[in-house]
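Since every read-out is calculated from the coordinates, none of them should be taken as a lab result. All values reported here derive from a predicted model rather than from experimental measurement. FYI the Cβ positions are ideal-geometry reconstructions off the backbone, even for glycines, and counts take in every protein chain you see.
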Amino acid sequence: MEYRIKAQTRGSENPGALRDAGKLPGIVYNRKENQKVVVDLKEFNKVFLGAGIHHVITLELENGQTVDTLVRQINLDKRRRRPDHVDFYALSDEPVVMYVPIKIVGTSAGQRLGGVLQLVHNDVQVKVSPKNIPEAIEVDVTELNIGGSLHMSDLKLPEGVVLAMNAGDTVVAIVPPEDAEKLVAEVAAAPAEVEVIKKGKIEEEKV
């Protein structure tokens, strides 16, 4: 699916005034450029709901130029509970380090025996050319029994996609029902934390 947002370049406009007008200030950057932009907040929220940090968002600038980007960071206004600044990383031909969602395929043998599937990682960090970014990494759990697990090293990555995290990390496991109940209880008892945006790290630094 294609994600697009209209954007305008900005100069010395007051960021607070832009926010009061329903706009979201931001920057478009990579190793070679750093450009201030502004987008409509409602339009951004709608597009980001679908694209997240995993999919390319094309910015349509007022001069007719388009820039393919990935959202790298969102700052939140805690009082208004809405974004107040966004960083877009401008893609080039250079590979980027990013997170791709994991898609579970099949029902495990362990689940059919009463086990519970525990997804440890929802996504996987990879290094990939922007033109080869996969929609998701499929993980087939059909053969997993209770007590079984799959690790990052077990993933079948598409051609041109390289693992960029610990190969020994567990992706998914099938646990006995009693272990799953204990885990749910521990999560419910833990204090809730608000996450601004997860995993926005890349190799390149802003200029």
Sequence order, the range 33-43: Karplus ³J(HN,Hα) from phi using 6.51 cos²θ - 1.76 cosθ + 1.60, θ = phi - 60°, Hz rounded, Gly and Pro as x, gives 9, 8, 10, 6, 9, 9, 10, 6, 4, 5, 5
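Listing R79, R10, R112 from the residue with the fewest other Cβ atoms within 10 Å to the one with the most, what is the order?
Numbers: R79 7, R10 16, R112 10.
Least crowded to most crowded, the residues run R79, R112, R10.
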Extending each Cα 7 Å along its Cβ direction at A167 and K78, get the distance between those two points in nm, one decimal. 4.2 nm
Compute the length gained on full extension between K32 and H85: take 0.36 nm times their separation in residues and subtract their Cα-Cα distance, giving the result in nm to one decimal. 17.0 nm
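Which value, in debye to the nearest 20, describes the size of the charge dipole of the chain about its Cα centre when Lys and Arg Cβ atoms bear +1, Asp and Glu Cβ atoms bear -1, and nothing else is charged? Provide the component values of the computation, followed by the final result.
Working: 26 positive and 31 negative charges, 166 e Å.
Around 800 debye, computed over the chain.
Work out, step by step, the length gained on full extension between D93 and K42: first 0.36 nm times the residue separation, then minus their alpha carbon distance; give nm to one decimal. Before the final figure, lay out each step's value.
Working: separation 51, 0.36 × 51 = 18.36 nm, distance 3.05 nm.
So the extension gain works out to 15.3 nm.
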I need the phi-derived Karplus couplings for the range 49-55: 6.51 cos²θ - 1.76 cosθ + 1.60, θ = phi - 60°, integer Hz, Gly and Pro marked x. 4, x, 7, x, 8, 8, 10
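Grab the beta carbon distance between N132 and L61, set R0 = 25 Å, and tell me the FRET efficiency rounded to 0.05. Numbers along the way, then the final one.
Working: r = 25 Å, r/R0 = 1.01.
Efficiency at R0 = 25 Å is approximately 0.50.
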Which order do the peptides 67-75, 137-145, 19-27 come out in when sorted by mean C-beta neighbours inside 10 angstrom, highest first? 67-75, 19-27, 137-145
How much mean residue ellipticity at 222 nm does the chain get from its helices, if each DSSP H run of length 4 or more adds -39500 (n - 2.57) and you divide by all residues, to the nearest 500 deg cm²/dmol? -4500 deg cm²/dmol
Name the long-range amide H neighbours of Y3: under 5 Å, sequence gap of 5 or more, or other chain; modelled H, no Pro or chain starts. T58
For the range 42-129, give the magnitude of the charge dipole about the Cα centre (Cβ charges: +1 Lys/Arg, -1 Asp/Glu; no others), in debye to the nearest 20. 680 debye
